[in-house]
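A short worksheet on the structure shown next.
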Amino acid sequence: MKYDPEIHHRRSIRLQGYDYSRAGTYYLTICTQNREYLLGEIVNGVLRLNDAGEMVSRWYGELENKFPDIQCDAFVCMPNHVHFIVVNVGADLCVRPEMVGEHTGSPLQRVVQWFKTMTTNEYIRGVKQNNWSPFPGKLWQRNYYEHIIRYENELNRIRQYIIDNPARWGTDRENPNTVQLAATIKRNFEELEV
């Protein structure tokens with residue numbers, strides 16, 4: 001199908017006019033393409049990452065090495081998505097004084113792009129060398145969810161959500177089985193009303 005801007009457009013979920021390179025705390029969710037279970041499994045509320053999930057977790061820890069103005073916070077790698085918090089502390093103006101009046105740190109989009117690129121490249125090597133499950137077209141979905149964290153109590157609530165995520169997998173909206181179950185329940189409920 002030929003590109004048609006009337007039907008092939010994506011609505012941005014980014015906050016209009018917000019500078020994502022400024023100092024701040026951000027909560028992100030990145031899903032695998034088609035929410036494929038490529039990174040592990042959850043059995044009775046216990047997260048069991050496979051080698052690919054362990055690799056993704058390692059690359060999250062590398063964000064601080066690649067981007068000195070980024071600090072890693074809470075993180076969880078689920079079977080088909082990751083949740084994490086990063087803190088952009090801003091650029092060190094003593095090292096880069098030309099930054100005054102411009103961006104104060106690494107743009108969030110660049111941080112996510114680097115994370116996706118590094119994990120995708122290593123996953124491809126894992127498919128070729130270690131027989132990991134191949135992924136459909138792309139490892140990660142094109143977009144990602146982000147939320148600007150503004151308050152300490154909100155930060156603590158999101159940290160707890162990330163920690164508890166594996167135990168809540170049965171009701172997680174990123175779990176395709178939950179989505180299918182919810183649709184079945186809704187359909188059954190609608191049939192009862194008729």
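Taking the criterion of being under 13 Å from the mean Cα position of the chain (by Cα), under 17 Å from THR120 (Cα atoms) and among the small types (Gly, Ala, Ser), the only residue of the range 54-93 that qualifies is SER57. The residue that is nearest to TRP169 (Cα to Cα), among those in the range 1-27 that are crowded, with 16+ Cβ neighbours inside 10 Å and at pLDDT below 95, is TYR26.
The rows are residues; the columns are (1) modelled with pLDDT under 95; (2) under 13 Å from GLY24 (Cβ atoms); (3) not polar (S, T, N, Q); (4) not in a loop (DSSP other than H, G, I, E, B).
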site: TRP114; (1), (2), (3), (4): no, no, yes, yes
site: THR119; (1), (2), (3), (4): no, no, no, yes
site: ASN143; (1), (2), (3), (4): yes, no, no, no
site: ASN156; (1), (2), (3), (4): no, no, no, yes
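Every listed requirement among (1) at pLDDT 90 or above; (2) surrounded by fewer than 13 Cβ atoms within 10 Å (Cβ to Cβ); (3) under 25 Å from ASP172 (Cβ atoms); (4) not basic (Lys, Arg) is met by GLN129 save one, (3). Is it the case that the range 69-92 has a residue that's at pLDDT below 80 and loosely packed, with under 14 Cβ neighbours inside 10 Å? Taking every residue of the range 69-92 in turn, at least one turns out to be at pLDDT below 80 and loosely packed, with under 14 Cβ neighbours inside 10 Å.
The values are calculated or read from the model by the stated rules, or taken from the named source; none is laboratory data. These numbers come from a predicted model, not from an experiment. Every residue, glycine among them, receives a Cβ derived from its backbone with ideal geometry; neighbour counts consider all protein chains shown.
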